[in-house]
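The values are calculated or read from the model by the stated rules, or taken from the named source; none is laboratory data. Quick caveat: nothing in here was measured; it's all calculated off a predicted structure. Cβ coordinates were reconstructed from backbone atoms using ideal geometry, including for glycine residues, and neighbour counts include every protein chain displayed.
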2 protein chains.
Amino acid sequence: MNASRTARERVREELTREITEIARSQLATEGAAGLSLRAVAREMGMVSSAIYRYFPSRDDLLTALIIDGYNAIGVAAEQADAACPSGDYTGRWLAVCRAVRNWALAHPHEYALVYGSPVPGYQAPQQTIAPATRAATVYGKIISDAHRAGALDPPGICPPPPQSFGPDAAALRASVMAKVSDDVAARAVAGWTALFGMVSFELFGQFENVITDRDAFFEHSMRCQGRLTGLSP
Amino acid sequence: MNASRTARERVREELTREITEIARSQLATEGAAGLSLRAVAREMGMVSSAIYRYFPSRDDLLTALIIDGYNAIGVAAEQADAACPSGDYTGRWLAVCRAVRNWALAHPHEYALVYGSPVPGYQAPQQTIAPATRAATVYGKIISDAHRAGALDPPGICPPPPQSFGPDAAALRASVMAKVSDDVAARAVAGWTALFGMVSFELFGQFENVITDRDAFFEHSMRCQGRLTGLSP
DNA sequence: TGACAGCGCAGAGCAGTGCTCTTTAATGGA
DNA sequence: TCCATTAAAGAGCACTGCTCTGCGCTGTCA
């Protein structure tokens, strides 16, 4: 009875996987709002109502795609980090930044779904929060590794972080950036947001007629941000 | 004959304005993808096809809203800047940053439409590029004012900007940031993107469970960025 | 082996969308 | 006053997400 149950479960998983794959390819070509349950069903040779056996609503399908997106960015970051010598903190950090950008350029619609404006009417469920931290975890670990090795030297140009950031910094230390000071934690978060600000601006057309060589500009800006966070040049 | 023509034109303008207003209020409550031409028509007591006399398509309505959004942010930035003593460059700069954030918090859906992921299938026309620079112009003028007054002292922690940024910097000098060095221009653009990265992260839920006192954190981060650009603390 | 419950799928249908086309009404100039 | 231009209405097309009902297959237990 367990065997049969898993047989059913297996076919179910297979179909679920196929649905998300077709949905992802549609997302890649049409964008999030162009994703149509009926079109997915058509492409699978099913009738639209059958999809609802697997995803109770369109939003649930989107949620699955968002989770996939977070994981894909996380994997990209992890691989980029792993490919660097572990003592080269600046190199690892830059590699992660580049990995995020390259993934975004390769999957613009998925990036938009994950880091762009939330799809209207759609509320990101708690489910997405865990995978969201995956890439940030890589980022944080590099900072914390650099700190532990004494390789972190944040230039004294920032005012001290606000008192109210204390508990947040403690939470960050407990999860992704061990033993780092409040000041460094604040700079790191700011650097993380600056990374995504840069990627979003490039992807969403804000650099049109402003920046031509975006590879080089990104590289330069990230080096600045890294330096601000305390990484060596 | 001119008078009558303008009478017709006037009623036309009035209705066009009313359509965009209702559309904007719908945008504010439903979000971009929830904006429905038919709903706008209903609210005006018209039939849906009549709207097409004023806006050839839904995308054209969105374009009008985007232009309005850019202008609104521009106005907010201009007013914030004007309210500061002109010699207080850091104060002016911070005021503009705050103005952008406050406008975004007050008009999240409009912000998402303008600076979030482009609506699927929608291509921002050239029309939107001019209003887009309005807020950036304020920002650039502060930097250039500070530079002219000798109040800009960028800390030497950044590598020099890439050669390929030269022409872009020249274009920026010609338009929004007179006489500023390539290095400062690059830092300023990066600061501008960091500002929007921060606002987007906050607005799109990326700070959930990470940053609690977002006012204070924003303030601190922007002070860091300003310092990095060369403004005095 | 046969009855039964659960599951997956098909199909029809509802309410909504953007957009087009044709027809009707109003407006304002000659 | 006539008549062309413009606005509005209404019907209709193709599409969407989603629901509900009914049918057939599958695996289970007596």
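Quick notes
- Output for the range B:179-217, where each listed residue is small (G, A, S) and within 22 Å of B:I73 (Cβ to Cβ): B:A185, B:A188, B:A190, B:G191, B:A194, B:G197, B:S200, B:G205
- Residue in the range B:1-24 that is nearest to DNA strand C (Cβ to nearest atom), counting only those that are more than 20 Å from B:S57 (Cβ to Cβ) and either at pLDDT 90 or above or not aliphatic (A, V, I, L, M) (or both): B:S4
- Selection of the range A:40-73 for residues being more than 14 Å from every other protein chain (Cβ to nearest Cβ), within 9 Å of DNA strand D (Cβ to nearest atom) and in a helix (DSSP H, G or I) yields A:V40, A:A41, A:R42, A:S48, A:S49, A:A50, A:I51, A:D60, A:L61.
- Residues in the range B:143-178 that are under 25 Å from B:C84 (Cα atoms) and of a type in the set (V, I, T): B:I143, B:V176.
- Residue, nearest to the other protein chains (Cβ to nearest Cβ), within the range B:96-119, restricted to residues that are surrounded by 20 or more Cβ atoms within 10 Å (Cβ to Cβ) and without any contact (Cβ under 8 Å) to a residue 60 or more places away in the chain: B:S117
- Taking the criterion of being within 15 Å of B:F204 (Cβ to Cβ) and at pLDDT 95 or above, the only residue of the range A:113-147 that qualifies is A:A136.
- Here B:L94 fulfils each of the conditions (1) under 25 Å from B:E30 (Cα atoms); (2) at pLDDT 95 or above apart from (1).
- Scanning the range B:203-230 for residues that are of a type in the set (A, V, I, L, M) and facing another protein chain (nearest Cβ under 7 Å) returns B:V210, B:I211, B:A216, B:L228.
- Count of residues meeting criterion [more than 6 Å from DNA strand C (Cβ to nearest atom), more than 16 Å from B:R24 (Cβ to Cβ) and not charged (D, E, K, R)] in the range B:47-61: 3
- Per-region count, the range B:165-191, residues within 30 Å of B:L105 (Cα to Cα), surrounded by fewer than 24 Cβ atoms within 10 Å (Cβ to Cβ) and facing chain A (nearest Cβ under 9 Å): 0
- Qualifying residue in the range B:144-157 (condition: in contact with a Cys (Cβ under 9 Å, 6 or more places away or on another chain) and farther than 13 Å from B:G230 by Cβ): no
- Only one entry in A:V100, A:V96 is β-branched (V, I, T), under 10 Å from the mean Cα position of the chain (by Cα) and within 17 Å of A:G191 (Cα to Cα), namely A:V100.
- A:A33 within 15 Å of DNA strand C (Cβ to nearest atom), modelled with pLDDT under 90, surrounded by 13 or more Cβ atoms within 10 Å (Cβ to Cβ) and part of a helix (DSSP H, G or I): yes
- Criterion (within 21 Å of B:G116 (Cα to Cα) and more than 16 Å from DNA strand C (Cβ to nearest atom)) met by exactly one of A:V75, A:V100, A:V96: A:V100
- Residue in the range B:56-64 that is touching a helix residue (DSSP H, G or I) at 6+ places or on another chain (Cβ under 6 Å) and of a type in the set (K, R) present: yes
- For the range B:148-155, the count of residues that are at the interface with chain A (Cβ under 10 Å from one of its Cβ atoms) and free of Cβ contacts under 8 Å to residues at least 60 places away in the same chain is zero.
- From B:A77, B:A72, B:A83, residue being hydrophobic (A, V, I, L, M, F, W, C), under 30 Å from B:H147 (Cβ atoms) and surrounded by fewer than 14 Cβ atoms within 10 Å (Cβ to Cβ): B:A83
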